[in-house]
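A short worksheet on the structure shown next.
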Ligand SMILES: Cc1cc2nc3c(=O)[nH]c(=O)nc-3n(C[C@H](O)[C@H](O)[C@H](O)COP(=O)(O)OP(=O)(O)OC[C@H]3O[C@@H](n4cnc5c(N)ncnc54)[C@H](O)[C@@H]3O)c2cc1C
């Protein structure tokens, strides 16, 4: 069995940050990563550009129950610390409406900088090394964790589990951390996909018509209350650029509302299954910047100016033509008839569909397409100021594994950096006290 000062399981952003900080105590630090190379998910972040923090960072951007833990973490390692840290590694930044990216606009440059720095700090990153199990060993003076991989067994006093959640398993996060921790008696709550595209209840034929259309609009997610005759409660709303797809709708505003759609549940083995039968309804405003009276006058002008022209171009210049065709088909308006034959009822339906398009949600696209996991290791299991587990001495959890998830915009990576820093720092303080 190989002994080591500190082991980090998972070579993702939070694992790297924990390793950097822990290494300051001067003991050997090994990161065990199951993929062939570390930071696989980081390469995919921000559409390959890596939106690694946000200047509007605040605990309000995360799940409500995580307010305190996020507050402590941001006090220890803020978004400004993140920017300064990466500047020290040679990563200059640019700021797009508060979203911070590397100036190179390449996630790979952030990953390369982290790997280069790990080498400098003499941190060993051992790839192709999936941790299969961990075991607590308490034999009088010797207390610590046995860490089993395929080819080697380790013993360490300080252990950080940074294995991520269940989102985007193709990048390595398949829920191993939840399973290993549950074997130690640590509870993880309800796990569901968040920051995820959404499937809508429309026919394939209709969806094909709007596939690929981008628009700036707003959406409202409502939940149907079966016990109250289908009464709708608005859960949340979001606005910004979205894209209509052949399955439904995607884009940052959709990602933001998706965490409230509880139709999949993950289990410890990384599998997901449908859960709850709640029904959700989405309202889409395709013309959010135009008020209803203006839209009415816009349409009546076109009707008056071109009464003998075909209906197909009634919305020409207002919305994308593919979306216009979709609307005509959806509402059963014959786009070949002349405008003077369009009825008042058809105009009213069109106005409603443009500003308050009502459609049932089928489901989110699940963990495969989610960017983060909603839920995780329960916060009641954790010392909120150090991220040490209450019932497992010297065992820390970081990143997406913990019940913390933020909105789009660099918030989740900031949590990864801050939580990694917090855990690493707590290890340094413990080692210093031992001396
Ligand atoms: C497509 C996509 C785009 C995103 N874009 C952004 C963005 O622009 N900004 C933002 O803030 N967030 C973004 N996120 C979210 C962000 O990437 C995550 O929140 C973050 O990577 C979590 O870091 P982590 O260290 O907790 O876990 P992960 O990044 O998931 O890393 C965990 C690591 O642990 C390894 N591991 C798992 N099990 C084991 C095991 N048994 N043994 C050894 N190793 C193991 C995995 O292989 C993985 O490398 C995005 C996510 C996705 C999927």
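Does residue 175 satisfy the criteria of being out of contact with any helix residue (DSSP H, G or I) (no Cβ under 7 Å at 6 or more places or on another chain) and either modelled with pLDDT under 95 or in the same structural domain as residue 16 (by TED's automatic domain parsing) (or both)?
yes
When the residues of region 1-27 are filtered to those that are in contact with a strand residue (DSSP E or B) (Cβ under 8 Å, 6 or more places away or on another chain) and within 6 Å of the ligand (Cβ to nearest atom), which remaining residue is nearest to residue 106 (Cα to Cα)?
Across region 1-27, the extreme among qualifying residues is 11.
Would you kindly identify the helices (runs of 4 or more DSSP H) lying entirely within region 28-125 that contain at least 1 residues that are over 22 Å from residue 384 (Cβ atoms) and within 15 Å of the ligand (Cβ to nearest atom)?
Result: 40-48, 79-88, 107-120.
Let me spell it out: the conditions are (1) in a strand (DSSP E or B); (2) within 16 Å of residue 280 (Cα to Cα), and residue 257 meets all of them except one. Which number is the exception?
(1)
Can you pull out the residues in region 216-244 that are in contact with a helix residue (DSSP H, G or I) (Cβ under 9 Å, 6 or more places away or on another chain) and either surrounded by fewer than 20 Cβ atoms within 10 Å (Cβ to Cβ) or free of Cβ contacts under 8 Å to residues at least 24 places away in the same chain (or both)?
Of everything in region 216-244, those that are in contact with a helix residue (DSSP H, G or I) (Cβ under 9 Å, 6 or more places away or on another chain) and either surrounded by fewer than 20 Cβ atoms within 10 Å (Cβ to Cβ) or free of Cβ contacts under 8 Å to residues at least 24 places away in the same chain (or both) turn out to be 218, 220, 235, 236, 237, 238, 239, 240, 241, 243.
Taking residue 213 as meeting all but one of (1) within 30 Å of residue 252 (Cα to Cα); (2) in the same structural domain as residue 419 (by TED's automatic domain parsing); (3) at pLDDT 95 or above; (4) in contact with a helix residue (DSSP H, G or I) (Cβ under 7 Å, 6 or more places away or on another chain), write down the number of the exception.
Condition (2) is where residue 213 drops out.
In this structure, is residue 288 surrounded by fewer than 16 Cβ atoms within 10 Å (Cβ to Cβ), within 21 Å of residue 356 (Cβ to Cβ) and touching a strand residue (DSSP E or B) at 6+ places or on another chain (Cβ under 6 Å)?
Against the criterion (surrounded by fewer than 16 Cβ atoms within 10 Å (Cβ to Cβ), within 21 Å of residue 356 (Cβ to Cβ) and touching a strand residue (DSSP E or B) at 6+ places or on another chain (Cβ under 6 Å)), residue 288 qualifies.
Of the residues in region 389-402, how many are farther than 22 Å from residue 107 by Cα and either in a loop (DSSP other than H, G, I, E, B) or within 12 Å of the chain's Cα centre (by Cα) (or both)?
Count: 2.
Every residue, every condition in (1) in a strand (DSSP E or B); (2) within 12 Å of the ligand (Cβ to nearest atom); (3) under 13 Å from the mean Cα position of the chain (by Cα), yes or no:
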| position | (1), (2), (3) |
| --- | --- |
| 362 | yes, no, no |
| 373 | yes, yes, yes |
| 404 | no, yes, yes |
| 423 | no, yes, no |
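For the structure I just gave you, tell me whether residue 168 is under 30 Å from residue 30 (Cβ atoms), modelled with pLDDT of 95 or more and in the same structural domain as residue 145 (by TED's automatic domain parsing).
yes
What are the pairs with Cβ atoms under 8 angstrom where one residue, in region 108-119, is within 12 Å of residue 12 (Cα to Cα) and not assigned by TED's automatic domain parsing to the domain that holds residue 42 and the other, located anywhere, is surrounded by 17 or more Cβ atoms within 10 Å (Cβ to Cβ) and at pLDDT 95 or above? Sequence gap at least six, or different chains.
Going by the 8 Å Cβ cut-off, there are no qualifying pairs.
For region 126-151: of the residues being surrounded by fewer than 13 Cβ atoms within 10 Å (Cβ to Cβ) and assigned to a loop (DSSP other than H, G, I, E, B), which is nearest to the chain's Cα centre (by Cα)?
150
The values are calculated or read from the model by the stated rules, or taken from the named source; none is laboratory data. Not measured: the values here are computed from a predicted model. As a convention, Cβ positions derive from the backbone with ideal geometry for all residues, glycine included, and neighbour counts pool all protein chains shown.
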